[in-house]
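The values are calculated or read from the model by the stated rules, or taken from the named source; none is laboratory data. In this text, all values refer to a predicted model and were calculated from it rather than measured experimentally. Neighbour counts run over all protein chains shown; Cβ positions are idealised from the backbone, glycine included.
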Amino acid sequence: MKFDHNTFIVTGGASGLGEATVRALHAAGAAVVIADLNVELGNALAGELGARVAFARTNVADESETRNIHGPTAHEAAAISKTTRLSRPEDHHENR
């Protein structure tokens with residue numbers, strides 16, 4: 001699977017396994033949205049990684065908050081690198 005030119009949303013991405021996932025995806029060339037409740041850690045990680053990363057304070061238990069991630073925040077991460085294509089859940093099929 002190619003990660004570059006795609007945007008990924010990682011819930012719980014500010015620490016632990018989520019943080020490791022954010023770092024791995026970013027290292028592979030992906031744009032990443034860190035979706036987490038921890039504003040301090042999320043902003044720090046986004047600031048550390050820099051290009052192709054955005055943070056969105058998100059409570060994944062609240063459906064309206066998770067819907068908002070797919071809007072401006074994901075587009076913001078994708079816009080950081082003009083070569084990045086925004087990836088939506090419906091874009092992913094088993095054949096890819």
Do we have I34 as in contact (Cβ under 8 Å) with a residue 12 or more places away in the chain, buried (at least 17 other Cβ atoms within 10 Å of the Cβ) and touching a helix residue (DSSP H, G or I) at 6+ places or on another chain (Cβ under 8 Å) here? yes
Considering (1) surrounded by 15 or more Cβ atoms within 10 Å (Cβ to Cβ); (2) of a type outside the set (F, W, Y); (3) assigned to a helix (DSSP H, G or I); (4) modelled with pLDDT of 95 or more, say which one E48 fails and leave the rest. (1)
Among the numbered criteria (1) modelled with pLDDT under 70; (2) out of contact with any helix residue (DSSP H, G or I) (no Cβ under 6 Å at 6 or more places or on another chain), which one does T84 miss? (2)
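Based on what the data block shows, is N43 at pLDDT 90 or above and either in a strand (DSSP E or B) or touching a helix residue (DSSP H, G or I) at 6+ places or on another chain (Cβ under 7 Å) (or both)?
Values: at pLDDT 90 or above: yes; either in a strand (DSSP E or B) or touching a helix residue (DSSP H, G or I) at 6+ places or on another chain (Cβ under 7 Å) (or both): no.
No.
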